[in-house]
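Trainee: Supplied in C-alpha cells, the structure appears directly below.
The values are calculated or read from the model by the stated rules, or taken from the named source; none is laboratory data. Owing to the predicted nature of the structure, the values given are computational and were not obtained by experimental measurement. Note that we place each Cβ from the backbone using ideal geometry, even for glycine, and neighbour counts take in every protein chain shown.
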Amino acid sequence: MEILPPADWKELLDYMSKGGQTVLLLGAVDSGKSYLARYLLEGLLNMGLRVCLVDADVGQSSLGLPSTVSMKVFGKPGDIANFLFEEFFFVGSIDAARAAPLIVEGAKKFVDACRGRSDAILVDTTGLVSGSVGRDLKLRKIMAVEADTIVALQACGEAEHIVACMRGQRVFRLPISPAVKRRSREERARYRKEKVRRYFDATDVGQYILQRNSAGFLYMGRRVDIADRLIRESHAAKDGLMALCRDGRHGDSGHTYPGLSDSGRTNTDHADSGHAALAMVAPAMIVECDADSIEFLSPVKSLRGIATVLLGDVTV
Ligand SMILES: Nc1ncnc2c1ncn2[C@@H]1O[C@H](COP(=O)(O)OP(=O)(O)OP(=O)(O)O)[C@@H](O)[C@H]1O
Ligand SMILES: [Mg+2]
C-alpha cells in the first residue's frame, strides 16, 4: 500500500516520536483512519519505537477479522510484513452501535495489556461518529483506554461534537487526505469476506465437531441453545438472531464464524458483560451444524479446554 501523507501528518508523527502516548483515531467512514494508523506505525517503528496497534474497527478491521477487536505489538519495521493480530476479542457483530459495550471492553483490555509492552499505542476505531450513539461510543472508548491524544480526521467538523468533550487530552484536527477512496457497501462486504477467507486459507486449520453438551454457547453475552431451530437457521440476524448454519444450506454464501474461548463463564457470572472473563482462544468457521453439534474449521490444535463458543451474527 502506498501512503501519501498530507503535510500535517508529519507534525503528529514528530509529536509521537517522544513516545508514551495513547492515541485514538477518530473520523467518519472513509476518512483515512487506518491509513493514518499505518503511516504512524511505520514512522515510529523506523525511529526505533515499539508500537502497539489496537484495531477496534469491528466492521473494516485491518489487523483482525470482522466483528473482533484485535491487537499486535510491533517491535521493528520488519514486523509490518506480518500484519496480523496477535490476540483478538470477539464482539459478535460488525454493527458498532450494537456491539458498543464489548468494543469498549476489548479496546480497554488490549490497551491495558500493551502499556508495559510498547512505547506508543495507536487505537484505530470504527467510522461511527455521528449522533449521540457515535459520540457515546467514542467517549466511552476514550475514557476506557485513557487516551491522552485524540486525532480527528474530518472534512467539516463531523467529530467536533466528540472532540468538544475532551478535557486535558491533546487534540490534533487533520483534514481528510485527497487520496482517500470511498468504498461502497458492496466493497465493504467484499473486503470482510476476503479478510476472513484469506485468514482461513493462510492459517493451518483443523476440522472439528463439538457436541452441544460439551461447551456453552453464548450469543452477545447471553446463553443460547443450538437445539433451538431459530438459533441455527434464522436469517434474521438483524432481529438479534444469528444465522449459525446458513452456509450449510445455502451453498457458498453466508459463512458464520464464532470465537472459541477457554473460559466457561457467562454474563451471569459477571454482572457487567458476557465477555469480561473470557479469554479468546481462536476464531472458527462453521461448516455445518445440527441440534446436537457444530462442525467447524479452526486453527486450534485440539478441542481440549474449549469451554465456550461465542456466536455472532456476522456472515461473510
Ligand atoms: N494517505 C493516503 N494515501 C493513499 N491512499 C489513501 C490515504 N488515505 C486513504 N487512502 C485510500 O482511501 C481508502 C480508505 O482509507 P482508510 O481505510 O484509511 O479509511 P478509514 O477511515 O479507515 O475507513 P473505515 O471507516 O472504513 O475504516 C484506503 O483504502 C486507501 O485506498
Ligand atoms: Mg479503517
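Trainee: Do we have any residue at all in the stretch 90-112 that's in contact with a Lys or Arg (Cβ under 9 Å, 6 or more places away or on another chain) and assigned to a strand (DSSP E or B)?
Mentor: No, that holds for no residue.
Trainee: Quickly run through the stretch 37-53 and pick out the residues that are away from ligand 2 (no atom under 11 Å from the Cβ) and buried (at least 22 other Cβ atoms within 10 Å of the Cβ). Before the answer, list the steps.
Mentor: The initial filter retains those residues of the stretch 37-53 that are away from ligand 2 (no atom under 11 Å from the Cβ), namely 39-53.
Within the stretch 37-53, LEU40, LEU41, LEU44, VAL51, CYS52, LEU53 meet the criteria.
Trainee: Please go through the stretch 166-205 and pick out each residue that is closer than 18 Å to ILE150 by Cα and within 12 Å of ligand 1 (Cβ to nearest atom). It would help to see each step written out before you state the result.
Mentor: Step one: of the stretch 166-205, the residues closer than 18 Å to ILE150 by Cα are 166-177.
LEU174, PRO175, ILE176, SER177 - these are the residues of the stretch 166-205 that are closer than 18 Å to ILE150 by Cα and within 12 Å of ligand 1 (Cβ to nearest atom).
Trainee: Can you find a residue in the stretch 71-83 that is of a type outside the set (Asp, Glu), in contact with a helix residue (DSSP H, G or I) (Cβ under 9 Å, 6 or more places away or on another chain), more than 16 Å from ligand 1 (Cβ to nearest atom) and in a loop (DSSP other than H, G, I, E, B)? Can you show your working first?
Mentor: If we filter the stretch 71-83 for residues that are of a type outside the set (Asp, Glu), which is where we start, we get 71-78, 80-83.
Add one more test, that the residue is in contact with a helix residue (DSSP H, G or I) (Cβ under 9 Å, 6 or more places away or on another chain), and what stays is 71-78, 80, 83.
Those left that are additionally more than 16 Å from ligand 1 (Cβ to nearest atom): 71-78.
Now narrow it down to the ones that are in a loop (DSSP other than H, G, I, E, B): 75-76.
Yes, because at least one residue in the stretch 71-83 is of a type outside the set (Asp, Glu), in contact with a helix residue (DSSP H, G or I) (Cβ under 9 Å, 6 or more places away or on another chain), more than 16 Å from ligand 1 (Cβ to nearest atom) and in a loop (DSSP other than H, G, I, E, B).
Trainee: Is the stretch 61-69 home to any residue that is near ligand 1 (Cβ under 8 Å from one of its atoms) and in contact (Cβ under 8 Å) with a residue 40 or more places away in the chain? Can you show your working first?
Mentor: In the first step, residues of the stretch 61-69 are kept if they are near ligand 1 (Cβ under 8 Å from one of its atoms); the result is 62.
Filter again for in contact (Cβ under 8 Å) with a residue 40 or more places away in the chain, leaving 62.
Yes, the stretch 61-69 has at least one match.
Trainee: Still on this structure: Taking the stretch 54-79 as the search range and keeping residues that are more than 16 Å from GLU105 (Cα to Cα) and of a type in the set (A, V, I, L, M, F, W, C), which one is surrounded by the fewest Cβ atoms within 10 Å (Cβ to Cβ)?
Mentor: VAL73
Trainee: Pick out the one residue from ASP112, ASP124, ASP148, ASP119 that is away from ligand 1 (no atom under 15 Å from the Cβ), in the same structural domain as MET16 (by TED's automatic domain parsing), under 19 Å from the mean Cα position of the chain (by Cα) and not polar (S, T, N, Q). Working first, answer last.
Mentor: Working: ASP124 fails: away from ligand 1 (no atom under 15 Å from the Cβ); ASP148 fails: under 19 Å from the mean Cα position of the chain (by Cα); ASP119 fails: under 19 Å from the mean Cα position of the chain (by Cα).
None of the others qualify; the one that does is ASP112.
Trainee: Another one. What's the total number of residues in the stretch 12-52 that are within 15 Å of ligand 1 (Cβ to nearest atom) and acidic (Asp, Glu)? If you could, list the steps in order and put the result at the bottom.
Mentor: Looking only at the stretch 12-52, we keep the residues that are within 15 Å of ligand 1 (Cβ to nearest atom), and these are 12-13, 23-43.
Now restrict to residues that are acidic (Asp, Glu): 30, 42.
The total comes to 2.
Trainee: Let me ask something additional. Run ILE103 past the list (1) surrounded by fewer than 16 Cβ atoms within 10 Å (Cβ to Cβ); (2) away from ligand 1 (no atom under 12 Å from the Cβ); (3) of a type outside the set (Asp, Glu) and report the number of the one that doesn't hold.
Mentor: Here ILE103 clears every test but (1).
Trainee: Would you pick out the residues in the stretch 161-185 that are surrounded by 10 or more Cβ atoms within 10 Å (Cβ to Cβ) and within 19 Å of SER132 (Cα to Cα)? Give the steps one after another, and end with the answer.
Mentor: Filtering the stretch 161-185 down to residues surrounded by 10 or more Cβ atoms within 10 Å (Cβ to Cβ) leaves 161-166, 169-177, 179-180, 183.
HIS161, ILE162, VAL163, ALA164, CYS165, MET166 - these are the residues of the stretch 161-185 that are surrounded by 10 or more Cβ atoms within 10 Å (Cβ to Cβ) and within 19 Å of SER132 (Cα to Cα).
Trainee: Can I ask one more? List every residue pair whose Cβ atoms sit under 6 Å apart, with the two residues 6 or more apart in sequence or on different chains, where the first one lies in the stretch 87-103 and is β-branched (Val, Ile, Thr) and the second, anywhere, is surrounded by fewer than 23 Cβ atoms within 10 Å (Cβ to Cβ).
Mentor: ILE94/GLY59
Trainee: Identify all residues within the stretch 37-59 that are assigned to a helix (DSSP H, G or I) and more than 24 Å from LYS193 (Cα to Cα); write none if there are none. Before you say what the answer is, go through the steps one by one.
Mentor: Here is the first cut: in the stretch 37-59, the residues assigned to a helix (DSSP H, G or I) are 37-46.
Selection gives TYR39, LEU40, LEU41, GLU42, GLY43, LEU44, LEU45, ASN46.
Trainee: Can VAL23 be described as among the β-branched types (Val, Ile, Thr) and part of a loop (DSSP other than H, G, I, E, B)? It would help to see each step written out before you state the result.
Mentor: Numbers: among the β-branched types (Val, Ile, Thr): yes; part of a loop (DSSP other than H, G, I, E, B): no.
Criteria not met by VAL23.
Trainee: On to the next question. Within the stretch 250-295, considering only strands (runs of 3 or more DSSP E) that don't extend past its boundaries, which have at least 1 residues that are among the small types (Gly, Ala, Ser) and at pLDDT 50 or above? Working first, answer last.
Mentor: Details: elements: 259-261, 280-283, 285-289.
In the stretch 250-295, 259-261, 280-283 are the strands (runs of 3 or more DSSP E) which contain 1 or more residues that are among the small types (Gly, Ala, Ser) and at pLDDT 50 or above.
Trainee: Among SER62, SER34, which is part of a helix (DSSP H, G or I), within 16 Å of ligand 2 (Cβ to nearest atom) and polar (S, T, N, Q)? Walk me through how you get there before you give the answer.
Mentor: On the way: SER62 fails: part of a helix (DSSP H, G or I).
Criteria check complete, one pass: SER34.
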